[in-house]
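Comments concern the structure below.
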Amino acid sequence: PQEVVFMAWSPKRDLIALANRAGEVLLHRLANFQRVWSLPPNENTGKEVTALAWRPDGKILAFGLTDTKRIILCDVEKPESLHSFSVDSSITYMHWMEVTEESTVLTSFYNAEDESNLLLPKLPALPKNYSTTAKIFSEEKSDEIMKLLGDVRLNALVLGGSSGFIEIYAYGMFKIATVTGVAGSCCGLCLSSDLKSLSVITEIQDSSEGEAEITYFQASKLDTSLLSSYLPEVTRMARKFTHISTLLQYIKLSLTCMCEAWEEILMQMDSRLTKFVQEKNTTTSVQDEFMQLLLWGKASLELQALLMNQLTVKGLKKLGQSIESSYSSIQKLVISHLQSGSEALLYHLSELKGMALWKQKYESLGLDASGIEEAITAVGSFILKANELLQVIDSSMKNFKAFFRWLYVAMLRMSEDHVLPELNKMTQKDITFVADFLTEHFNEAPELYNRKGKYFNVERVGQYLKDEDDDLVSPPNTEGNQWFNFMKNSIHLKESPLLFPYYPEKSLHFVKRQMEGVIDQCLQKPADVIGKSVHQAVCMSLYRTSQSEDSTPQLFKLPFLWNDKMSNIHYVLFTILENSISKIYILRRHTDTSRSVSNGILSVEFGNFLNNTINESSDSRCYSCLDAHFYDDETVTVVLKESVEQEGKETVLAQLPLSSVYTDEDQDREFIWDSTKRLDEQSGEIPTCTVCLENQWRVLENMKAQYVFVNGIRKVSCVLSSNLRHVRVFEMDVEDDGEVEEEEEE
């Protein structure tokens, strides 16, 4: 029903992901093209999907959104976001590759069971009864965090965006490089599997003529020496950083759960008392009114009206229950989730600091011990704050229990109900306890009224969970605390790196945000350092795009980049319009930029193989290439269109074997590149090879085919029509038993 704007086959399973104009991401199964799930656009993610990429293990699908500039990593099993991050530019292309390099160091690292599993307790799953945010970590059985981490073998998500934006994320989560120095908006990227070179194709908008120029860059990425020689270190560092970002996510969700556990009903006491102050006409303070009730057992008529008519016995009971249940669930979350999450965070950061101190290995990658030291300190402050919250909850629960019990009895007496004898016993100690609570919590604070619109802050826990920069309304009382006095008076301890700084005035959220900021800061540095080591090896301008064809933004236009993993060659496929025929060109470059061998360019012509309507003598160049994709390392799948002016033009899906293009006798016809001109200006001198396809083709009946997406691993291809709404799926390597017709699926 919607126009498809992007497609990507899963590398491991018979699944194809589609993105449509409405901003939905859909997953379809190959068998009769049934839909597995769809992820509708929402305000957190965005509405304009511009790129899709699968993680090489096929378990996670990444998609980029232009309007919100976010990247979402989505679970293949169910449509929910596992992780997301923002980028600085709108993404136009994504490529997710896996490192195939082997070395003994790496193998031992891959096999070594991650120590943190042995040393750290398993993170408890978040309770299920909170909102959807907690979905990801709440399934007891599945280790969702590990699913997000995936395989230990390094994989990298390369993002290309407008205005020369290129970033590389290890494991799709941790940014290891920000590449600069490439001009134009990216329309193709390819990182070779040995990490030696990154090829980029960009479109440079030429303001004068309104036409865009397509340029091919081959940047020798991460200055080979840096990445290939430091591959084990990069893998290790990236692995640590992914652990850290999953833990930050975990802590964030725990906090969200805590905020949900804290209910608005707990504010009732404060608002009722404030209203009472505004309405009463006696001069006695609220504190005195309650004190009189405590000491003489008699209440003024106004207080009686407040308690009996507004609060009521039933309301008091309910309030007591909500406070107790709410506080105990927040307490549980702090103890089991926040603390275990932040301890794990401390562990990983300390390990990282250890790496950073091993300078000969990690310094050149930009790991910086002092930054990590600051991050550790920030996590320490967060743990302190969480502990302080525990103490506040603890004392609040005790106080409220005693206060409510006393108030309950007093109210029963007022209504002249029967009071059970066991409720009636109040020791001197209990009375002192309630009196202290009243003195501390029930004093009117006019300055608080100006800030928050209430005179009282009886409830002390909520202020820690508020996500604001304001100071706490009633910070904990530290007077007479021996440790604090000791700290104040000793000069040397103040600056000691061993003591975590403590922010008595700030809320838990504030300290958490501060911690995230510091950690982000220390994760940022390697990306800049590694990115700066990238230098450009080759830059060639290919051709001009003609603006006339159509004005709609095409997401799947050629050129198409392919990386041959075995022989480390990058291929670029593109077409140039000549005498109203789109000729297909294949450019091939070796990723090792120092080698000059086999960097060739060829154009391919298709001999006439549909010789049903055309007389033999006519020109053999009668096919225009509409789209081309690499099927596997040896074959290119193309969609061709007859270019003879006549009715009933047929489109053809064909397989073009590279062996028929790169034959041995080509070697003498080496094309000499004139780097001052664009490629399409010297197309006459490019060697042309005419191919006659024997039987690797079929006519696409009644379909204006335009684009093709292939999956050589599963031997299928998907053809999309020019109106972007009709899809046909073909099995490519079917044995020819005359059954081909039935095997085709539409």
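Criterion applied to ALA410, ALA386, ALA445 was being over 22 Å from GLN321 (Cα atoms), touching a residue at least 60 places away in the same chain (Cβ under 8 Å) and of a type in the set (A, V, I, L, M, F, W, C), and the one residue passing it is ALA386. Restricting to segment 3-27, what's the tally of residues that are free of Cβ contacts under 8 Å to residues at least 60 places away in the same chain and open to solvent by less than 20 Å² (accessible area, probe 1.4 Å)? Residues flagged as free of Cβ contacts under 8 Å to residues at least 60 places away in the same chain and open to solvent by less than 20 Å² (accessible area, probe 1.4 Å) within segment 3-27 amount to 8. Out of the residues in segment 269-298 that are in contact with a Ser or Thr (Cβ under 9 Å, 6 or more places away or on another chain) and not hydroxyl-bearing (Ser, Thr, Tyr), state the one that is surrounded by the most Cβ atoms within 10 Å (Cβ to Cβ). The qualifying residue surrounded by the most Cβ atoms within 10 Å (Cβ to Cβ) is LEU293. Checked against (1) of a type in the set (Ser, Thr, Tyr); (2) open to solvent by less than 50 Å² (accessible area, probe 1.4 Å); (3) at pLDDT 55 or above, SER659 passes all but a single condition, namely (2). The helices (runs of 4 or more DSSP H) falling completely within segment 473-547 that include 3 or more residues that are farther than 30 Å from LEU587 by Cβ, outside the structural domain of ALA170 (by the TED database) and under 32 Å from the mean Cα position of the chain (by Cα) map to 508-532.
Within segment 38-96, if we keep just the residues that are touching a helix residue (DSSP H, G or I) at 6+ places or on another chain (Cβ under 7 Å) and either outside the structural domain of THR178 (by the TED database) or open to solvent by 10 Å² or more (accessible area, probe 1.4 Å) (or both), the residue that is modelled with the lowest pLDDT turns out to be GLU80. Within segment 500-521, is even one residue modelled with pLDDT under 85, in contact with a Leu (Cβ under 9 Å, 6 or more places away or on another chain) and among the hydrophobic types (A, V, I, L, M, F, W, C)? Within segment 500-521, none of the residues are modelled with pLDDT under 85, in contact with a Leu (Cβ under 9 Å, 6 or more places away or on another chain) and among the hydrophobic types (A, V, I, L, M, F, W, C). So in segment 313-350, with the set limited to residues that are more than 24 Å from the chain's Cα centre (by Cα) and of a type in the set (D, E, K, R), which one is surrounded by the fewest Cβ atoms within 10 Å (Cβ to Cβ)? The selected residue is LYS314. Every condition in (1) in contact with a Ser or Thr (Cβ under 8 Å, 6 or more places away or on another chain); (2) open to solvent by 50 Å² or more (accessible area, probe 1.4 Å) is met by GLU459 except one, and the failing one is (2).
Using the structure shown, decide if LEU303 is touching a residue at least 12 places away in the same chain (Cβ under 8 Å), within 21 Å of ALA402 (Cβ to Cβ) and either touching an Asp or Glu at 6+ places or on another chain (Cβ under 8 Å) or charged (D, E, K, R) (or both). Answer is yes for this residue. When the criteria are applied in full, LEU248 fails the requirement of being in a helix (DSSP H, G or I), at pLDDT below 80 and not polar (S, T, N, Q). Counting only strands (runs of 3 or more DSSP E) that fall entirely inside segment 599-649 and contain at least 1 residues that are in contact with a His (Cβ under 6 Å, 6 or more places away or on another chain) and modelled with pLDDT under 55, no element qualifies. Filtering segment 413-432 to residues that are assigned to a helix (DSSP H, G or I) and free of Cβ contacts under 8 Å to residues at least 40 places away in the same chain leaves PRO421, GLU422, LEU423, ASN424, GLN428, LYS429, ASP430, THR432.
Among the residues of segment 550-564, the ones that are over 27 Å from the mean Cα position of the chain (by Cα) and at pLDDT 65 or above come to 2 in all. On the stretch given as segment 73-100, residues that are hydroxyl-bearing (Ser, Thr, Tyr) and not in a strand (DSSP E or B) total 3.
Give segment 149-165 a look and list any residue that's part of a loop (DSSP other than H, G, I, E, B), small (Gly, Ala, Ser) and closer than 21 Å to THR92 by Cβ, or say none.
SER162, SER163, GLY164
In segment 28-37, the qualifying residues are those that are under 13 Å from CYS718 (Cβ atoms) and open to solvent by 50 Å² or more (accessible area, probe 1.4 Å), and the one that is modelled with the lowest pLDDT is PHE33.
For segment 356-383, enumerate the residues that are touching a residue at least 40 places away in the same chain (Cβ under 8 Å), in contact with a Lys or Arg (Cβ under 7 Å, 6 or more places away or on another chain), part of a helix (DSSP H, G or I) and open to solvent by 10 Å² or more (accessible area, probe 1.4 Å). Show your work before the answer.
Initially, segment 356-383 is screened for residues touching a residue at least 40 places away in the same chain (Cβ under 8 Å), giving 361-362, 364-368, 371-375, 377-383.
Keeping just the survivors that are in contact with a Lys or Arg (Cβ under 7 Å, 6 or more places away or on another chain) gives 366, 368, 371-373, 382.
In the following step, the residues that additionally are part of a helix (DSSP H, G or I) were identified as 371-373, 382.
GLY371, GLU373 - these are the residues of segment 356-383 that are touching a residue at least 40 places away in the same chain (Cβ under 8 Å), in contact with a Lys or Arg (Cβ under 7 Å, 6 or more places away or on another chain), part of a helix (DSSP H, G or I) and open to solvent by 10 Å² or more (accessible area, probe 1.4 Å).
Per the conditions (1) closer than 30 Å to VAL4 by Cβ; (2) surrounded by 20 or more Cβ atoms within 10 Å (Cβ to Cβ); (3) β-branched (Val, Ile, Thr); (4) modelled with pLDDT under 75, the sole criterion not satisfied by THR591 is (1). Restricting the first member to segment 695-721 and to residues that are free of Cβ contacts under 8 Å to residues at least 40 places away in the same chain and under 15 Å from GLN655 (Cα atoms), and the second to residues that are assigned to a loop (DSSP other than H, G, I, E, B) and charged (D, E, K, R), the beta-carbon pairs closer than 7 Å and six or more apart or on different chains are LYS715/ASP733. For segment 163-185, the candidate set comprises residues that are open to solvent by 20 Å² or more (accessible area, probe 1.4 Å) and within 13 Å of LYS532 (Cβ to Cβ); within that set, the residue that is modelled with the highest pLDDT is THR178. The residue of segment 101-120 that is nearest to ILE168 (Cα to Cα), among those that are outside any loop (DSSP other than H, G, I, E, B) and of a type in the set (Ser, Thr, Tyr), is TYR110. Taking segment 479-532 as the range and being of a type in the set (A, V, I, L, M) and open to solvent by 60 Å² or more (accessible area, probe 1.4 Å) as the test, the residues that pass are ILE491, LEU498.
Against the condition closer than 30 Å to ILE530 by Cβ and at pLDDT 90 or above, how does LEU338 come out, does it pass? Taking the combined requirement at face value, the residue does not satisfy it.
The values are calculated or read from the model by the stated rules, or taken from the named source; none is laboratory data. From a predicted model like this one, the values you see are computed outputs, not experimental measurements. Here Cβ is always computed from backbone atoms with ideal geometry, including for glycine, and neighbour counts include all displayed protein chains. SASA here: full protein model, heavy atoms, side chains in, ligands and nucleic acids out. Shrake-Rupley method; radii C 1.70, N 1.55, O 1.52, S 1.80 Å.
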